[in-house]
C-alpha cells in the first residue's frame with residue numbers, strides 16, 4: 001500500500017528474495033534463483049513500513065512504468081529481471097550522485113544491503129521502540145528452529 005498524499009506512510013509486502021549468484025553456485029543451475037525470504041516458510045511474505053518520500057517515488061514509478069507480471073518493480077523492457085551488472089552500475093552512479101566525494105569513498109551504502117543496517121539504526125535513533133523495529137526486521141521465533 002503506497003500513499004497518495006505527501007507525508008503519509010505506506011507499507012511494502014515483500015514476497016521473495018532473488019540474491020545474485022552465478023549458475024555454478026546454485027542448486028538449480030540458474031542465475032539468481034528466486035527464494036523464500038530468509039527464515040520464512042515458502043510463500044510467506046513480510047510487510048514492512050515505507051517512509052513517506054520513498055513511498056511517493058515508488059508510487060510515481062509504478063504509475064509511470066507499471067510492474068512486471070510477477071510483481072517486480074524494476075525490470076527490463078522485455079519484462080525480465082535486471083542483470084546484476086545493470087543494477088550495480090545504477091547503484092554506483094546513484095551513490096556518486098547523492099553522496100559527497102568523502103562519503104562516496106567511504107563504505108556508506110556501498111552495497112544495497114547496507115541500507116538495512118542504516119534503516120534499523122535510524123528507526124532506533126528516532127525513538128521507534130526496539131520491539132517494533134524487531135517486528136519489522138526479524139523473522140518470527142518459531143521459524144528460527
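The values are calculated or read from the model by the stated rules, or taken from the named source; none is laboratory data. Owing to the predicted nature of the structure, the values given are computational and were not obtained by experimental measurement. FYI the Cβ positions are ideal-geometry reconstructions off the backbone, even for glycines, and counts take in every protein chain you see.
Residue 136: in a helix (DSSP H, G or I) and at pLDDT below 85, yes or no?
Working: in a helix (DSSP H, G or I): yes; at pLDDT below 85: yes.
Yes; evaluated as a whole, the condition is true for this residue.
Sub-7 Å Cβ pairs linking a first residue in the stretch 86-105 that is on the phi < 0 side of the Ramachandran plot to a second residue that is surrounded by fewer than 12 Cβ atoms within 10 Å (Cβ to Cβ) and outside any helix (DSSP H, G or I), at least 6 apart or interchain, are 91/112, ordered by first then second residue.
Tell me yes or no: at least one residue of the stretch 55-72 is surrounded by 14 or more Cβ atoms within 10 Å (Cβ to Cβ) and touching a helix residue (DSSP H, G or I) at 6+ places or on another chain (Cβ under 9 Å). Before the answer, list the steps.
Our first condition is that a residue be surrounded by 14 or more Cβ atoms within 10 Å (Cβ to Cβ); within the stretch 55-72, this holds for 55-56, 58-59, 61, 68, 72.
Those left that are additionally touching a helix residue (DSSP H, G or I) at 6+ places or on another chain (Cβ under 9 Å): none.
No; the residues of the stretch 55-72 include none that is surrounded by 14 or more Cβ atoms within 10 Å (Cβ to Cβ) and touching a helix residue (DSSP H, G or I) at 6+ places or on another chain (Cβ under 9 Å).
Here 118, 60, 55 are screened, and the one residue that is touching a strand residue (DSSP E or B) at 6+ places or on another chain (Cβ under 7 Å), under 24 Å from residue 7 (Cα atoms) and part of a helix (DSSP H, G or I) is 55. Taken together, the residues in the stretch 63-85 that are in contact (Cβ under 8 Å) with a residue 60 or more places away in the chain and in a helix (DSSP H, G or I) amount to 1. Considering only residues in the stretch 1-40 that are out of contact with any helix residue (DSSP H, G or I) (no Cβ under 7 Å at 6 or more places or on another chain) and in a strand (DSSP E or B), the one that is surrounded by the most Cβ atoms within 10 Å (Cβ to Cβ) turns out to be 12.
Answer with yes or no whether residue 49 is in contact (Cβ under 8 Å) with a residue 40 or more places away in the chain, in a loop (DSSP other than H, G, I, E, B) and in contact with a strand residue (DSSP E or B) (Cβ under 7 Å, 6 or more places away or on another chain). Taking the combined requirement at face value, the residue does not satisfy it.
When 85, 77, 41, 15 are screened for being modelled with pLDDT of 80 or more and under 14 Å from the mean Cα position of the chain (by Cα), only 15 passes. For the stretch 41-54, name all the residues that are under 17 Å from residue 11 (Cβ atoms) and either surrounded by 11 or more Cβ atoms within 10 Å (Cβ to Cβ) or touching a helix residue (DSSP H, G or I) at 6+ places or on another chain (Cβ under 7 Å) (or both). Across the stretch 41-54, the qualifying residues are 44, 45, 46, 47, 48, 49, 50, 51, 52, 54.
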